[in-house]
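K.L.:
This is the structure I want to talk about, given as structure tokens.
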Amino acid sequence: MSAATFMRLSVLLPNASFIPMPGLSDSLRWVKSEEEIAILRQASPIADKAMLEVARQARPGMTTRDVAAIASQVFLREGADTGEVGSVVKATGSHEILHGALKTETITEGDVLHVELIPRVRNYGARMMRPIVVGAPSAELTATAGKLVELQDRQIMAMKPGAIARDVDAIMRRGALDTGLRPTYENVTAYTLGLYTRTPRTSDFSRVFLPTSNWVLAERMVFHLYATARGLGFSETVVVDKEGGTRLTKTPRLVLAPNPDGRW
């Protein structure tokens, strides 16, 4: 509501009381209807198809912009609202890749791409991250990926109605620190997914997984669950079901790499 709208309503409703209700619209969105989840089930396979197509086609000599264009074509062909694909960058650092901006970088043999895909259908957005190596993944990359995925799978199993968010967060946060995957862990391990209309906000952090998150998970909440370490990032669109979390994104949970014959 703009200041002009507020002043106009105050004139038209001189006997009304205006009460601040910050965060109300966010709380109404936390638990999704079955219809909303059905739309998210349409968006998620678009991410899967685009990710596998990127892994199949990525080659030395391409640029990160070329890779983003591959994903964008799949988005539009498969029914996404737009061709906006998310972050496609060379993987560097630990978690800094999460906020990488698209730029034109030439891909060379052995590079690891951080690919985050964010397709929307009827403004409902699914999200998924995978590392894609252009070449053969090293034993170190494979081992790191295995540890991250194992911790994240435990998180997904723990995402049951009634679970405390901080306890689910601790599985990844403490696990990554205890195993030496990361020296520090400042960022959240999940945030709310759902409706993304045309606002300045690109992500919904009204519900997040942190050590201070004392709120309770409820059935049909949907989250972008993500983890990064040593330049690798894995994430899923996860809905809270009766027996635990269910992944709506289905791409294999490993470092993706194209084979010489063009298969991933």
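K.L.:
Counting only protein heavy atoms and a 1.4 Å probe, tell me what percentage of the chain's accessible area is made up of carbon and sulfur.
P.N.:
Whole-percent figure for carbon plus sulfur exposure: 56.
K.L.:
Taking the full set of protein chains and a 1.4 angstrom probe, give the accessible area of residue 59 in square angstrom, rounded to the nearest 10.
P.N.:
80
K.L.:
Another question about this same structure. Given segment 73-195, report the % of alpha carbon pairs whose separation exceeds 21 Å.
P.N.:
Result for the distance tail: 51 percent.
K.L.:
Still on this structure, I have one more. Using only alpha carbons, build the gyration tensor for segment 107-175 and give me the equivalent ellipsoid semi-axes, biggest first, whole Å.
P.N.:
One finds semi-axes of 27, 20, 7 Å for segment 107-175.
K.L.:
Still on this structure, please answer the following. Reachable lysines from residue 242, Cα under 27 Å, same-chain residues fewer than 8 places away excluded?
P.N.:
32, 147, 160, 250
K.L.:
When a/c reaches 1.5 or more, the comparison of a/b and b/c decides; with that in mind, is segment 24-78 rounded, prolate or oblate per its Cα gyration tensor?
P.N.:
Taking the square roots of the gyration eigenvalues as a ≥ b ≥ c, segment 24-78 is prolate.
K.L.:
Could you calculate the contour length gain from residue 1 to residue 177, that is, 0.36 nm times the residue separation minus the distance between their Cα atoms, to one decimal place in nm?
P.N.:
Taking 0.36 nm per residue and subtracting the Cα distance, the gain is 59.0 nm.
K.L.:
Related question: In degrees, nearest 10, range 0 to 90: what is the angle between the Cα axis of helix 139-158 and the longest Cα principal axis of the chain?
P.N.:
30
K.L.:
Quick one: which residues, 5 or more positions from residue 206 or on another chain, have an amide H under 5 Å from its amide H? H modelled 1.01 Å from N in the peptide plane, none for Pro or chain starts.
P.N.:
Hits under the 5 Å cutoff: 192.
K.L.:
Over 23 Å, how big is the tail of the calculated P(r) for segment 6-100, in percent of all Cα pairs?
P.N.:
Summing the P(r) tail past 23 Å for segment 6-100 gives 54 percent.
K.L.:
Suppose each label sits 7 Å from its Cα in the direction of the beta carbon; what would the residue 11-residue 164 distance come out to in nanometres?
P.N.:
With each label point 7 Å from Cα toward Cβ, the separation is 5.2 nm.
K.L.:
Now a separate question. Not counting ligands, DNA or RNA, and with a 1.4 Å probe, what is residue 92's accessible surface area in Å² rounded to the nearest 10?
P.N.:
Rounded to the nearest 10, the figure is 90 Å².
K.L.:
Heavy atoms of the protein only, probe of 1.4 Å, neighbouring chains included. What is the accessible area of residue 28 in Å², nearest 10?
P.N.:
130
K.L.:
Give me the aspartates and glutamates in straight-line cross-link reach of residue 90: C-alpha distance below 14 Å, same-chain residues under 8 apart excluded.
P.N.:
Residue 90 reaches 66, 105, 109, 111, 116.
K.L.:
Whole-Hz Karplus ³J(HN,Hα) for segment 107-112, in order, using 6.51 cos²θ - 1.76 cosθ + 1.60 and θ = phi - 60°, x for Gly and Pro?
P.N.:
8, 10, 4, x, 5, 10
K.L.:
So, one more: Which is farthest toward the positive dipole end of the chain among 3, 60, 237, measuring Cα position about the Cα centre, with Cβ charges +1 (Lys, Arg) and -1 (Asp, Glu)?
P.N.:
In the chain, that residue is 3.
K.L.:
Helix 34-57 sits at what angle to the longest principal axis of the chain, using alpha carbons and giving 0 to 90 degrees rounded to 10?
P.N.:
Approximately 20 degrees, to the nearest ten.
K.L.:
Using a Gaussian network for the chain with springs between C-alpha atoms less than 10 Å apart, which of these wobbles most: 218, 71, 47?
P.N.:
Ranking 218, 71, 47 by mean-square fluctuation puts 218 first.
K.L.:
Can you tell me the accessible area per residue over the chain, all protein chains present, probe 1.4 angstrom, in square angstrom?
P.N.:
Averaged over the residues of the chain, the accessible area is 48 Å².
K.L.:
Something else now. How would you order 174-181, 235-242, 115-122 from highest to lowest mean count of nearby Cβ atoms within 10 Å?
P.N.:
Going by the mean number of other Cβ atoms within 10 Å, highest first, we get 115-122, 235-242, 174-181.
K.L.:
What angle do you read, to the nearest 10 degrees and between 0 and 90, between the alpha-carbon axis of helix 165-178 and the longest principal axis of the chain?
P.N.:
So the helix axis and the longest Cα principal axis differ by about 30 degrees.
The values are calculated or read from the model by the stated rules, or taken from the named source; none is laboratory data. Quick caveat: nothing in here was measured; it's all calculated off a predicted structure. With ideal geometry, Cβ positions are generated from the backbone for all residues, glycine too; neighbour counts draw on all protein chains shown. In case anyone asks, the SASA skips ligands and DNA or RNA and just uses the protein heavy atoms, side chains included. Shrake-Rupley method; radii C 1.70, N 1.55, O 1.52, S 1.80 Å.
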